[in-house]
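Student: Before I ask anything, let me first share the structure, which is written out below as structure tokens.
The values are calculated or read from the model by the stated rules, or taken from the named source; none is laboratory data. From a predicted model like this one, the values you see are computed outputs, not experimental measurements. Counting neighbours? That spans all protein chains shown, and the Cβs are built from the backbone with ideal geometry, glycine included. Note: accessible area is taken over every heavy atom of the protein model, side chains too, but ligands, DNA and RNA are not part of it. Shrake-Rupley method; radii C 1.70, N 1.55, O 1.52, S 1.80 Å.
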Amino acid sequence: MRRYFGRKLLVYALTFAVAVTVNWMIPRFMPGDPVASMLARANVSQPQAVEAMRTYYTNLFGLDEPLWRQYLNFWGALFRGDFGTSIWVFPTPVSTVIMGAVPYTLGLMIPSVLLSYFVGNRIGAYAARRKLLDNTVLPVGYVLTATPYMWLAVLLAWGLGVVAGVFPVAGGYSFSIRPSLSADFLLDLLHHWVLPFFSLFLVALGGWAIGMRNMIIYELESDYSNYLSALGAPQRLIRRYAFRNAMLPQITGLALQLGVLVAGALVTEIVFAYPGLGSLILKAIQNQDFFLLQGIFLFIVLGVLIANFVIDIVYVLVDPRTRTGMAGASA
Amino acid sequence: MSLRVTDLRVHYKTLKGDVRALDGVSFDVGDGEILGLAGESGCGKTTLGKSLIRMDGRMRHVGGKVELDGEELPIGDDRRMNPFRFHKVSLVPQYSMSAMNPTRKIGRMVGELLRSRGVALDQATLESRLDLVGLPREVLQRYPIELSGGMKQRMVMVISTLLDPSLLIADEITSALDVSTQKSVATALAGFRESGVVKSMVFITHDLSLTYQIADTIMVMYAGKLAEKAPAKTMVEAPRHPYTKLLIDSLPEVGVRHTERRLAGIAGSPPSLLDPPAGCRFRDRCPLAFDRCAQEPPPVEVEPGHVVACWKADA
């Protein structure tokens, strides 16, 4: 058990190091000069002043040092929890900017991923046992899972937002309300949350339902199911076993999905102008904000790694076969 | 008489029509008798085994009946058959290696299975059965993956016989095992009969020499019909049906160098059961075939307990 997790942690640490390096490289080798764009925004006409400001900013962001130093500084700052200062909203530290957006993204992602997972698996399991349900769930599932996130998002925004006018189409909350812990604000928050949530939830739902249906059918045809039927065991017991065993590949799927969904949420957030990490990424790119971009990517990488590690642990708990594998030779 | 099968006909529904996998088979198995069921693949032996406990979705009970201890088994009716399964008729399947739920500890699975059939788990019986097949009691705390193939096979045998069924069907259970394990599994099966756990047994295999070691009676099937049924010794030493003769001739013998004497086989292959030819089904491959074989030979008891379906059985 110790060795297994030790090995896993090593792999995660390596992945993290590579991700951090790539993360550091991408904005620096991207075309464009962020300092120049800041100066252009400052709109200063005197050449001396421009030169002084350039020196100041370059020094401030550490861009005057050789690349390898910048790289080492980056790691050093990382361990101090310092992601640097944002260029786009200049004096604000990157960590503050990210922390402002994280609750929105997590509030959107966690419910949509987990709910679609549980609901989808349930629907799939039911579909596997009823012909009528199977004939309806399967086609709907295929359509849903083939739908691009953003297209469904646009469709929902247009249908329920613009035409029906039931839900607001943009923002995390109304502009007329200041964020506070009042009931009004929370209700408004929820109101704005519904559409982006549904667009993510529905697309993921179809995939889970189809996957589960196929897995259950496979498990019900398996040898242990046949043996139990031959011994006259009731369908209830056989289905219970099949459901649990069919769940295992779905858990792996969940781990994979978590990484992909971050990207899915990005476009969804942009469609709904939702103030989460996705919108932040777009703004950071548009404003050539190295530090903000790095910070967000790092955050996402960390999130995916942690989610995968949790799934690894869950897998060990639910599948005895991984546990025996860990012990090396079969005991 | 423990099991009596009369003119049993079971067909497989296919898009091209019915495949007559069992086309009128009759036989008896007495109390305490082990019947070895042999034949090449496609002869209907597995279909027969399945028909006695659980038909799969494509199988149709077309005719004939099966009686166990004087009671007729509703083999064509899955729901009505259920009370008989496990209690009266039980199965050691071909796929014992994967017959247990991989994510449950064996002991827990057995408990859940018994409870679902409304029987309380009797720990003492379970343990004595484990002793009988030579499994340590710790296996109940293990997952199936932690057991070797032979251990899984014996564990499944223990589970299947836990409710002391009257009839046990063992379907090709030794095919996936190496020779030494085959022997121990066969011995364990015979042990179940000796200790009275099961009354009678149908042992399905394509391995005639293994059948000979544990069966009292051997029945050879060909293309969905009975070819010959006789006490094991008679079957091997004095077979009457030309198919059985050729089948036994094609077995390798210990001590014979096959570089010197080529091993005989049976030329040709069995007829399609989709639309089988009239008359004796072995006719096309039979060295003794003559005009009369165009009519179907009825099974005839040539000696007590020795039934042959061949016009030349006396020859």
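Student: Scan chain A and note any complete DSSP helix (H) whose C-alpha atoms cover at least 27 Å along its axis and whose Kyte-Doolittle average is 1.6 or more. Spell out each step's value before the answer.
Tutor: Working: long enough: A:2-28 (39 Å, 0.49); A:94-127 (47 Å, 1.21); A:183-220 (50 Å, 1.18); A:235-271 (47 Å, 0.80); A:290-318 (42 Å, 2.54).
Length and hydropathy pass: A:290-318.
Student: Express in Å², to the nearest 10, the accessible area of B:His241 obtained by rolling a 1.4 Å probe over the protein heavy atoms while all chains stay in place.
Tutor: Here the residue's solvent-accessible area equals roughly 10 Å².
Student: Ok, one more. Work out, step by step, the length gained on full extension between A:Ile26 and A:Leu9: first 0.36 nm times the residue separation, then minus their alpha carbon distance; give nm to one decimal.
Tutor: Values: separation 17, 0.36 × 17 = 6.12 nm, distance 2.55 nm.
Residue separation times 0.36 nm, minus the Cα-Cα distance, leaves 3.6 nm.
Student: How big is the gap, in Å, between the Cα center of segment A:19-35 and the Cα center of segment B:36-60?
Tutor: 69
Student: Considering the dipole of segment B:87-217 built from charges on the beta carbon (Lys and Arg +1, Asp and Glu -1) around the Cα centre, which of B:Gly191, B:Val156, B:Pro102 is farthest to its positive end?
Tutor: With unit charges placed on the Cβ atoms, the residue in question is B:Pro102.
Student: Scan segment A:1-94 for trypsin sites (Lys or Arg not before Pro) in coil per DSSP, keeping those whose Cβ has at most 13 other Cβ atoms within 10 Å, and list them by number.
Tutor: Working: sites: A:Arg2, A:Arg3, A:Arg7, A:Lys8, A:Arg28, A:Arg41, A:Arg54, A:Arg69, A:Arg80; in loops: A:Arg80.
Counting only loop positions with at most 13 other Cβ atoms within 10 Å, the trypsin sites (Lys or Arg not before Pro) in segment A:1-94 are A:Arg80.
Student: Counting only protein heavy atoms and using a 1.4 Å probe, what share of the accessible area of segment B:87-217 belongs to carbon plus sulfur, as a whole percent?
Tutor: Here carbon and sulfur together make up 50 percent of the probe-accessible area.
Student: A drop of at least 20 square angstrom in accessible area, chain alone versus all protein chains together, probe 1.4 Å. Which residues of segment B:67-100 meet that?
Tutor: Flagged in segment B:67-100: B:Asn82, B:Arg85, B:Phe86, B:Leu91, B:Tyr95, B:Ser98, B:Ala99.
Student: Of all the Cα-Cα pairs you can form in the protein assembly as shown, what percent are over 35 Å apart?
Tutor: Values: 124077 of 208335 pairs.
In whole percent, the share of Cα-Cα pairs in the protein assembly as shown beyond 35 Å is 60.
Student: Same structure again: Using a 1.4 Å probe and counting only protein heavy atoms, how much accessible surface gets buried when A and B come together, both sides summed, in Å² to the nearest 100?
Tutor: 2300
Student: May I pose another question? At a 1.4 Å probe radius, carbon and sulfur cover how many percent of the accessible area of segment A:83-179? Walk me through the numbers on the way to the answer.
Tutor: Values: 3980 of 5420 Å².
Carbon and sulfur atoms account for 73 percent of the accessible area of segment A:83-179.
Student: What are the residues of segment B:108-127 that lose 20 Å² or more of accessible area, with a 1.4 Å probe, going from their chain alone to all protein chains?
Tutor: Residues losing area: B:Met109, B:Glu112, B:Leu113, B:Ser116, B:Arg117.
Student: Which is the longest part of chain B that has none of the GluC sites (Glu not before Pro) sitting in a DSSP loop with at most 15 other Cβ atoms within 10 Å?
Tutor: On the way: sites that count: B:Glu253, B:Glu260.
That would be B:1-252.
Student: 222 nm [θ] for chain A, helices only, -39500 (n - 2.57) per DSSP H run of 4+, per residue, to 500?
Tutor: Details: 13 runs with 250 residues, N = 331.
Mean residue ellipticity, 222 nm, calculated: -26000 deg cm²/dmol.
Student: Per residue of A:219-229, how many C-beta atoms from partner chains lie within 10 Å of its own C-beta, taken as a mean?
Tutor: On the way: counts 1, 0, 0, 5, 9, 11, 2, 7, 14, 8, 6.
Across A:219-229, the average partner-chain Cβ count within 10 Å equals 6.
Student: Which residues make up the longest stretch of chain A clear of chymotrypsin sites (Phe, Trp or Tyr not before Pro) that lie in a DSSP loop with no more than 13 other Cβ atoms within 10 Å, not counting the sites? Please list the in-between numbers first.
Tutor: Numbers: sites that count: A:Phe29, A:Phe175.
Segment A:176-331 is the longest.
Student: Take the residue pairs B:Lys65/B:Lys88; B:Lys45/B:Lys245; B:Lys199/B:Lys312; B:Lys45/B:Lys233; B:Lys45/B:Lys65; B:Lys13/B:Lys229 and return only those whose Cα atoms are more than 24 Å apart. Each step should come with its number before you reach the end.
Tutor: Details: B:Lys65/B:Lys88 16 Å; B:Lys45/B:Lys245 19 Å; B:Lys199/B:Lys312 35 Å; B:Lys45/B:Lys233 21 Å; B:Lys45/B:Lys65 17 Å; B:Lys13/B:Lys229 28 Å.
Violating the 24 Å limit, Cα to Cα: B:Lys199/B:Lys312; B:Lys13/B:Lys229.
Student: Oh, and also: Measuring from centroid to centroid over Cα atoms, what is the spacing of segment A:174-234 and segment B:126-191 in Å?
Tutor: Distance between centres, Cα-based: 42 Å.
Student: Chain B: longest stretch without exposed trypsin sites (Lys or Arg not before Pro) (DSSP loop, at most 15 other Cβ within 10 Å), sites themselves excluded? All intermediate terms of the calculation are to be shown ahead of the outcome.
Tutor: On the way: sites that count: B:Lys16, B:Arg58, B:Arg257, B:Arg261, B:Arg262.
Maximal segment without exposed cleavage sites: B:59-256.
Student: Sticking with this one: Once you sort the root eigenvalues of the Cα gyration tensor of segment B:128-191 as a ≥ b ≥ c, which label holds: rounded (a/c under 1.5), prolate (a/b larger than b/c) or oblate (the other case)?
Tutor: Numbers: a/c = 1.60, a/b = 1.07, b/c = 1.50.
Oblate.
Student: Return the sequence-ordered ³J(HN,Hα) values of segment B:27-32 in whole Hz as given by the Karplus equation 6.51 cos²θ - 1.76 cosθ + 1.60 applied to θ = phi - 60°, using x for Gly and Pro.
Tutor: With the stated coefficients, segment B:27-32 comes to 6, 10, 10, x, 4, x Hz.
Student: So if I place +1 on the C-beta of Lys and Arg and -1 on the C-beta of Asp and Glu, and nothing else carries charge, what would the dipole magnitude of segment B:87-217 be about its Cα centre? I want it in debye, nearest 20. Write down the numbers at each step before the final one.
Tutor: Details: 14 positive and 13 negative charges, 86 e Å.
Here the size comes out at about 420 debye.
Student: Moving on. Using a simple charge model, +1 on the beta-carbon of Lys and Arg, -1 on the beta-carbon of Asp and Glu, nothing else, what dipole does segment A:106-288 show about its Cα centre, in debye to the nearest 20?
Tutor: Numbers: 11 positive and 7 negative charges, 90 e Å.
Around 440 debye, computed over segment A:106-288.
Student: If you don't mind, another one. Please compute the per residue accessible area over the protein assembly as shown with all protein chains in place, 1.4 Å probe, rounded to a whole number of Å².
Tutor: Working: 30950 Å² over 646 residues.
Per residue, the protein assembly as shown has an accessible area of 48 Å².
Student: Taking the Cα centre of segment A:106-288 as the origin and placing charges on Cβ (Lys, Arg +1; Asp, Glu -1), which of A:Met109, A:Met212, A:Val154 is farthest toward the positive end of the dipole?
Tutor: Looking along the dipole axis, the top candidate is A:Met212.
Student: Place +1 on the Cβ of every Lys and Arg and -1 on the Cβ of every Asp and Glu in chain A, take the dipole about the Cα centre, and give the residue among A:Leu248, A:Gly84, A:Gly100 whose Cα lies farthest towards its positive end.
Tutor: A:Leu248
Student: I would also like to ask the following. How big is the charge dipole of the protein assembly as shown about its Cα centre, in debye rounded to the nearest 20, if each Lys and Arg gets +1 on its Cβ and each Asp and Glu gets -1 on its Cβ? Intermediate results must be reported in sequence, preceding the final value.
Tutor: On the way: 63 positive and 54 negative charges, 103 e Å.
In total the dipole reaches around 500 debye.
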